[in-house]
Amino acid sequence: MGRETFRRNVCTGGRNFYYMKNIKQRTCIGCNRTGDKNEFVRVVLLDDQLTIDVEQNQDGRGIYLCPMVDCLEKAKRRRAVNHRLKTRLSGKELEKFYILFLDFINK
Ligand SMILES: [Zn+2]
């Protein structure tokens with residue numbers, strides 16, 4: 001009996017969990033590359049509008065994209081924006097965002 005309890009306690013050590021929490025990786029919705037959040041452009045949905053979160057501190061559901069046209073194109077083809085944000089933005093709204101994004105990364 002006593003030995004069983006001991007084994008259970010050892011196996012639930014919380015150390016790994018703590019470590020995982022501190023290396024939160026972001027994934028590009030275009031190429032699926034993972035990395036630190038400052039390697040990506042964060043995009044959030046604010047009042048039903050896609051906005052680029054330059055400071056990466058906006059609340060709300062966000063997606064990440066590499067600052068590259070390629071990844072935007074891939075995301076576009078896979079309809080990843082609506083999918084990841086669980087929204088149904090129209091083609092027009094998405095087009096507006098694509099222009100915004102291109103403008104942002106070309107600066
Ligand atoms: Zn990418």
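Return the residues of segment 77-107 that are part of a loop (DSSP other than H, G, I, E, B) and in contact with a strand residue (DSSP E or B) (Cβ under 8 Å, 6 or more places away or on another chain); say none if nothing qualifies.
Those that are part of a loop (DSSP other than H, G, I, E, B) and in contact with a strand residue (DSSP E or B) (Cβ under 8 Å, 6 or more places away or on another chain): Thr87, Leu89.
Restricting segment 88-106 to residues that are surrounded by 15 or more Cβ atoms within 10 Å (Cβ to Cβ) and more than 14 Å from Val41 (Cβ to Cβ), which is farthest from the ligand (Cβ to nearest atom)? Among them, the one singled out is Glu93.
For segment 8-57, residues that are at pLDDT 55 or above, in a helix (DSSP H, G or I) and among the polar types (S, T, N, Q) total 1. Looking at segment 65-76, is at least one residue surrounded by 14 or more Cβ atoms within 10 Å (Cβ to Cβ), in a helix (DSSP H, G or I) and among the small types (Gly, Ala, Ser)? Yes, some residue in segment 65-76 is surrounded by 14 or more Cβ atoms within 10 Å (Cβ to Cβ), in a helix (DSSP H, G or I) and among the small types (Gly, Ala, Ser).
The values are calculated or read from the model by the stated rules, or taken from the named source; none is laboratory data. All figures in this text were calculated on a predicted structure; none of them were measured in a lab. Cβ: placed from backbone, ideal geometry, glycine included. Neighbour counts: every protein chain shown.
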